[in-house]
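K.L.:
Okay, here's the structure, questions in a sec.
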Amino acid sequence: MAATRFARLRRARDPRGVDGGDPLRPAPPRSRSPRGRWRRPASPGSAALAIPDYAVRVNLPVVLIADKLAESTVAALGDQVEVRWVDGPDREKLLAAVPEADALLVRSATTVDAEVLAAAPKLKIVARAGVGLDNVDVDAATARGVLVVNAPTSNIHSAAEHAIALLLAAARQIPAADATLRERTWKRSKFSGTEIFGKTVGVVGLGRIGQLVAQRIAAFGAHIVAYDPYVSSARAAQLGIELLSLDELLAQADFISVHLPKTPETAGLIDKEALAKTKPGVIIVNAARGGLVDEAALAEAINSGHVRGAGLDVFATEPCTDSPLFDLPQVVVTPHLGASTGEAQDRAGTDVAESVRLALAGEFVPNAVNVGGGAVSEEVAPWLDLVRKLGVLVAALADELPVSLTVQVRGELAAEEVEVLKLSALRGLFSAVIEDPVTFVNAPALAAERGVTAEITKASESPNHRSVVDVRGVAADGSVVNVAGTLSGPQLVEKIVQINGRNFDLRAQGTNLVINYADQPGALGKIGTLLGSAGVNIQAAQLSEDTEGDNATILLRLDQDVPESVRSEIATAVGANKLEVVDLS
């Protein structure tokens, strides 16, 4: 049976990702023997990191650490990777090291731009051990299918505590009092502070850190008000916080703590005009991002006596060694220390190490900043790989690349947020026809480039299974391929349950042979004989006859691939309308 151009292209790529394939599903550590069969690598107990001979560590993914990270980071990476170090800020050394990297770990000192990404053809993930991503070109990484992750919650407790420390220090003038005593002078009467108890504290920005600050300050007996246009009044009420407009907050608060990201809309938010609206004697704290508070305007307001004091950990330009605020004893300043605790650094390293481990193992990475589809719940996560396999199956059975792909989720799973399953199906579809790696990151862009639309639909009914996912591909000529799968039993076994309207119940794994042929006596015997003669063992098989017409479809799981010549013999022997070998590993 003559193969179509689409089918030839499909077979030209190993969808398992061997030899640098899918960056979210790399091959397990294994190597070729002289005879071409896979052999096991050295025992995991052979202490790969202690052996300088890289040849011993065959095919282990390379994790390149480009900035100083906590020792716990390396431990969290495990022993199934080869860890290398490079001086990331040294551009020449970085560019020389990244070509062999599967993962790149950085902090803020190393810049990962388009040039670095272009020099790293094997790179699957860039992990920033921290929150900000100013030093990573996320768009360039996305275009190359490279995951970008950070550690968004690693420093939130440290940052919240530091903001509160600045507020308390400014309220009681602790640094200035400390300085006079160190000068051997006792000026107790000069440093009369103010209490937080019974006061109104305004929190500008109710993200993770803002909420933590609000919760902790409330314990002082303060009344908490907040401004955040993206938080509902109902949510604020749950937190015990009164939601106000910014102008209302400025007018009412005795203390104001800013916890916003820096965007074009928030830059300079607390400027001269805003400060003029504040309550006389207010104390301002900014431990979020430099430039949210106009430093010159703040210094002027403090000098005028309108603002009582301030605490700043961040500045518009960093490093900052000169500011009008530095001359004011009412101001507490620190050099961007919000995340500078041992616990935060450990947490940042271990968080991104876990993301790297997930990515290199082919798992979904929750902290990926350049992957759509929303958060993945525990109920949805087990379906990701099954739906990828359904996408592979659609590509295998289609005569040409579908122009539309519909993923229908039926049953209990339909109650979940399942948008990410669309990305899984696209990954499977394109992995069969694209030479480059296909990931959750670049799958939508690949679809747009090739004019493939994709959608998710839901239905609460699922007559035969608690939940089932259908993937339907429609080609430009109107031809349709429809496959369905489910997770079965307590072990959540991946199963194919339908192919083009024909029912099956076969595990979705390994090498599979799908044949649609004219139903006839002796067809199964011919298929088995030809496969056996070629040394191919049938591990499982199911036959499904058409409800209408004289055709039948058989799905066989095999122990190895089927030679092209044997495929042709089988197709001729049974009069096959469609014969495809599909790798569902």
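The values are calculated or read from the model by the stated rules, or taken from the named source; none is laboratory data. Remember, predicted model here, so these are calculated numbers, not experimental data. Note that each Cβ is placed from the backbone with ideal geometry, even for glycine, and that neighbours are counted across all protein chains shown.
K.L.:
Residues of the stretch 331-367 being assigned to a helix (DSSP H, G or I) and among the hydrophobic types (A, V, I, L, M, F, W, C), which ones?
P.N.:
A344, A348, V352, A353, V356, L358, A359, L360
K.L.:
So L249 passes all but one of these: (1) assigned to a helix (DSSP H, G or I); (2) touching a Phe, Trp or Tyr at 6+ places or on another chain (Cβ under 6 Å); (3) surrounded by fewer than 18 Cβ atoms within 10 Å (Cβ to Cβ). Which condition number does it fail?
P.N.:
Only one criterion is unmet by L249, namely (3).
K.L.:
Which of the residues belonging to the stretch 131-158 are at pLDDT 85 or above and either in a loop (DSSP other than H, G, I, E, B) or among the small types (G, A, S) (or both)?
P.N.:
Those that are at pLDDT 85 or above and either in a loop (DSSP other than H, G, I, E, B) or among the small types (G, A, S) (or both): N135, D137, A140, A141, R144, V146, N150, A151, T153, S154, N155, S158.
K.L.:
Hey, can you tell me all the residues within the stretch 180-202 that are over 16 Å from R308 (Cβ atoms), free of Cβ contacts under 8 Å to residues at least 24 places away in the same chain and not basic (K, R)?
P.N.:
Hits for the stretch 180-202 are T180, L181, E183, T185, W186, S189.
K.L.:
Only one residue in L524, L513, L555, L506 is assigned to a helix (DSSP H, G or I) and surrounded by 13 or more Cβ atoms within 10 Å (Cβ to Cβ), so which one is that?
P.N.:
L524
K.L.:
Taking only the stretch 373-409 into account, find how many residues are in contact (Cβ under 8 Å) with a residue 24 or more places away in the chain and either assigned by TED's automatic domain parsing to the domain that holds V62 or of a type in the set (A, V, I, L, M, F, W, C) (or both). It would help to see each step written out before you state the result.
P.N.:
Restricting attention to the stretch 373-409, the residues satisfying the condition of being in contact (Cβ under 8 Å) with a residue 24 or more places away in the chain are 373-377, 379-380, 382-409.
Next, only the ones that are either assigned by TED's automatic domain parsing to the domain that holds V62 or of a type in the set (A, V, I, L, M, F, W, C) (or both) stay: 375-376, 380, 383-384, 386-387, 390, 392-398, 401, 403, 405, 407, 409.
Count: 20.
K.L.:
Answer yes if at least one residue in the stretch 106-119 is within 14 Å of the chain's Cα centre (by Cα) and assigned by TED's automatic domain parsing to the domain that holds V86, and no otherwise. Step through it out loud before you land on a result.
P.N.:
Start the filter on the stretch 106-119 by keeping residues that are within 14 Å of the chain's Cα centre (by Cα), which leaves none.
No, the stretch 106-119 contains no residue that is within 14 Å of the chain's Cα centre (by Cα) and assigned by TED's automatic domain parsing to the domain that holds V86.
K.L.:
Given the criterion in the same structural domain as A177 (by TED's automatic domain parsing), surrounded by fewer than 20 Cβ atoms within 10 Å (Cβ to Cβ) and modelled with pLDDT under 95, identify the matching residue among A276, A288, A316, A297.
P.N.:
Just a single option satisfies the conditions, and that option is A316.
K.L.:
Of everything in the stretch 60-96 that's part of a loop (DSSP other than H, G, I, E, B) and of a type in the set (V, I, T), which residue is nearest to T110 (Cα to Cα)?
P.N.:
Only one residue tops the list, namely V86.
K.L.:
Only one of V81, V106 is touching a residue at least 40 places away in the same chain (Cβ under 8 Å), more than 21 Å from V138 (Cα to Cα) and surrounded by 19 or more Cβ atoms within 10 Å (Cβ to Cβ). Can you tell me which?
P.N.:
On inspection, the qualifying residue turns out to be V81.
K.L.:
Could you check S340 against (1) buried (at least 17 other Cβ atoms within 10 Å of the Cβ); (2) in contact (Cβ under 8 Å) with a residue 40 or more places away in the chain; (3) over 22 Å from the mean Cα position of the chain (by Cα) and say which number it fails?
P.N.:
Here S340 meets the rest and fails (1).
K.L.:
Next question. Hey, among E300, E354, which residue is closer than 25 Å to L133 by Cβ and of a type in the set (D, E)? Talk me through it step by step, then tell me what you get.
P.N.:
On the way: E300 fails: closer than 25 Å to L133 by Cβ.
Selected residue: E354, the only one of E300, E354 that is closer than 25 Å to L133 by Cβ and of a type in the set (D, E).
Yes or no, residue by residue, for (1) assigned by TED's automatic domain parsing to the domain that holds S108; (2) in a helix (DSSP H, G or I); (3) modelled with pLDDT of 95 or more:
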{"site": "L167", "(1), (2), (3)": "no, yes, yes"}
{"site": "A170", "(1), (2), (3)": "no, yes, yes"}
{"site": "L181", "(1), (2), (3)": "no, yes, no"}
{"site": "T194", "(1), (2), (3)": "no, no, yes"}
{"site": "G202", "(1), (2), (3)": "no, no, yes"}
{"site": "L212", "(1), (2), (3)": "no, yes, yes"}
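K.L.:
So, one more: Of all the residues that make up the stretch 201-223, how many are crowded, with 22+ Cβ neighbours inside 10 Å and under 18 Å from L166 (Cβ atoms)?
P.N.:
11
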